[in-house]
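Chemist: Handing you this structure, nothing more for now.
The values are calculated or read from the model by the stated rules, or taken from the named source; none is laboratory data. Quick caveat, the model's predicted, so the values are computed rather than measured. As a convention, Cβ positions derive from the backbone with ideal geometry for all residues, glycine included, and neighbour counts pool all protein chains shown. In case anyone asks, the SASA skips ligands and DNA or RNA and just uses the protein heavy atoms, side chains included. Shrake-Rupley method; radii C 1.70, N 1.55, O 1.52, S 1.80 Å.
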Amino acid sequence: MKFNFKQTNRFSLAVLALMSLAACSDDDTVVDDGGETPVETGAQYLIASTDSENSYLNTTSDISQGSVSPLGGTATQVIGTPSWYFYNDIAAYSFVYNQGDPGTTQSFALNSAGEVEARNEINLNVSIQSRGIVDNLMYVQYSSRNYEEPVSIFYTINGDTQVVSGPYTIDTEALARNGEYAYVTDVAQWGDYVLLGFRPIKAGSDNGDSAFNSDFNDHTYVGVFNKALELQTVIEDEGRTGAVAGQSRSQGETGVEPVENGDVYVFSSAIDAEGEVPSGVLKINNGTLAFDQDYFFDITAASGGYAVYRSFYVGENTFVLQMFTEPGSGSALPAATRNKFAVVNVVDQTFEWVTGVPEGITSIGAPYIDEDNNEVAFPIETNLYPTIFIVNADTATMSEGIEVIAEGISAIGKLTPQE
């Protein structure tokens, strides 16, 4: 039976949760001779679901089927409705975005019994827009859009020890080098380098007086830094595609993608380029600090007019792409939809649309990338119910997985119990 959860109140959600638990088969819950349900102690998926005020973390060992509910008695409540980032298989970080003001940051891990435990809150002076893992550190950052303070502010967080260092600042006017200001859209490690994808913007007010306007929407930029965030060089391309950006509500997550042989592929939505250049992929060859002028993968042409939104690497030069729904769309505005999916091989430059995508998608959360199985699990909301849908990159198909009895769903990851 399907329910319209968008029209369901909290009392009804509680009833549905009880119905779901009552309907579990013997395979869903294993009870020992003492009448107690054993706790899963292996690696667990964490599913972040939401209501209008809070988030909840549920654990499960299987996301391919069944259902789970934050009202079932085993969920961990999280204040607010944050964005999530998983530090390897050790911790889940919740970031409450609050424009330029500080937002609440907390992390959660599995204890040795496989139970979710909250760790210390982290006090940062800014909200977080982009993040990436470099060695054993998570680099998190905020880019100002203010004329008076053109900086990007970074912190590093050790996901094992929870030690926070910073803030460190980067002069974004000096980074852009074109009279505008650099707005960071992705953070990635490349050997001993930290790569920062960025888009140039004309500085304005953090209060919303400026959109992300630029005279350089047909340029692609990657800043190359050492691990102390000292600028080494800027890699630039002009006229083939646009800025590194998979941006939503000022936040970027993907776009600069190193692969096993040391090459780096750089994905662009050609965001706000208004058809001037196509959405596409550039390449930085291993051992060089320049874009390969002989390589360009035109995503717009391969897809029949569509633009890539975000890229998720599953290995062997293969990516699952989240795409903009409408041809010709590549806007950063929240109203733009991003409800199509594709599988590409960046070496062979093949493009295949994913089949089995549900209709009526209203929101897509932060996915879990399962490189061992060439799959990406996406938290998806429709006008019926939130569900985990799984893309298999080998077959370019999406299948329905575990159903989440909640108002919303925002992220999925996988953690291993910690001692």
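Chemist: Name the pairs: first residue in region 302-313 and touching a residue at least 24 places away in the same chain (Cβ under 8 Å), second residue of a type in the set (Lys, Arg), Cβ to Cβ under 8 Å, at least 6 apart or on different chains?
Modeler: These pairs meet every condition: 306/340; 309/338; 310/338.
Chemist: Of all residues in region 62-88, which are in contact with a Gly (Cβ under 7 Å, 6 or more places away or on another chain) and farther than 28 Å from residue 161 by Cβ?
Modeler: Those that are in contact with a Gly (Cβ under 7 Å, 6 or more places away or on another chain) and farther than 28 Å from residue 161 by Cβ: 63, 64, 65.
Chemist: Follow-up. Which numbered condition trips up residue 224, out of (1) modelled with pLDDT of 95 or more; (2) open to solvent by 10 Å² or more (accessible area, probe 1.4 Å); (3) of a type outside the set (Gly, Ala, Ser)?
Modeler: Result: residue 224 fails condition (2) only.
Chemist: Another question, if that's okay. Can you find a residue in region 307-324 that is of a type in the set (Val, Ile, Thr), open to solvent by less than 10 Å² (accessible area, probe 1.4 Å) and in contact with an Asp or Glu (Cβ under 7 Å, 6 or more places away or on another chain)?
Modeler: Yes, region 307-324 contains at least one residue that is of a type in the set (Val, Ile, Thr), open to solvent by less than 10 Å² (accessible area, probe 1.4 Å) and in contact with an Asp or Glu (Cβ under 7 Å, 6 or more places away or on another chain).
Chemist: Residues that are within 27 Å of residue 60 (Cβ to Cβ): which strands (runs of 3 or more DSSP E) entirely in region 299-412 hold 2 or more of them? Don't jump to the end; show me each part of the working.
Modeler: Details: elements: 308-315, 318-323, 340-345, 350-353, 361-364, 368-370, 375-382, 386-392, 397-404.
Because the criterion is at least 2 residues that are within 27 Å of residue 60 (Cβ to Cβ), the strands (runs of 3 or more DSSP E) in region 299-412 that meet it are 308-315, 318-323, 340-345, 361-364, 368-370, 375-382, 386-392, 397-404.
Chemist: Now for a separate question. Can you name the condition, by its number, that residue 237 falls short on among (1) open to solvent by less than 10 Å² (accessible area, probe 1.4 Å); (2) within 12 Å of residue 198 (Cα to Cα); (3) among the charged types (D, E, K, R)?
Modeler: (2)
Chemist: Shifting gears a bit: Looking at 395, 362, which is the one that is open to solvent by 40 Å² or more (accessible area, probe 1.4 Å), closer than 15 Å to residue 315 by Cα and out of contact with any His (no Cβ under 8 Å at 6 or more places or on another chain)?
Modeler: Testing whether each residue is open to solvent by 40 Å² or more (accessible area, probe 1.4 Å), closer than 15 Å to residue 315 by Cα and out of contact with any His (no Cβ under 8 Å at 6 or more places or on another chain) leaves just 395.
Chemist: Consider residue 350 against the criteria (1) within 20 Å of the chain's Cα centre (by Cα); (2) farther than 12 Å from residue 398 by Cα: it satisfies all of them except one. Which criterion is unmet?
Modeler: All conditions pass for residue 350, except number (1).
Matching residues to (1) under 15 Å from residue 221 (Cα atoms); (2) of a type outside the set (D, E, K, R); (3) open to solvent by 50 Å² or more (accessible area, probe 1.4 Å):
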{"site": "142", "(1), (2), (3)": "no, yes, no"}
{"site": "150", "(1), (2), (3)": "no, yes, no"}
{"site": "157", "(1), (2), (3)": "no, yes, no"}
{"site": "163", "(1), (2), (3)": "no, yes, yes"}
{"site": "168", "(1), (2), (3)": "no, yes, yes"}
{"site": "175", "(1), (2), (3)": "yes, yes, no"}
{"site": "178", "(1), (2), (3)": "yes, yes, no"}
{"site": "186", "(1), (2), (3)": "yes, no, no"}
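Chemist: Mind checking which pairs have a first residue in region 119-139 that is under 25 Å from residue 190 (Cβ atoms) and a second that is among the basic types (Lys, Arg) and at pLDDT 85 or above, Cβ under 7 Å, 6 or more apart or different chains?
Modeler: 134/227; 138/131; 139/131
Chemist: Something else: Please determine whether any residue of region 77-95 is surrounded by fewer than 17 Cβ atoms within 10 Å (Cβ to Cβ), touching a Pro at 6+ places or on another chain (Cβ under 9 Å) and either at pLDDT 50 or above or more than 19 Å from residue 415 (Cα to Cα) (or both).
Modeler: Scanning region 77-95 turns up at least one residue that is surrounded by fewer than 17 Cβ atoms within 10 Å (Cβ to Cβ), touching a Pro at 6+ places or on another chain (Cβ under 9 Å) and either at pLDDT 50 or above or more than 19 Å from residue 415 (Cα to Cα) (or both).
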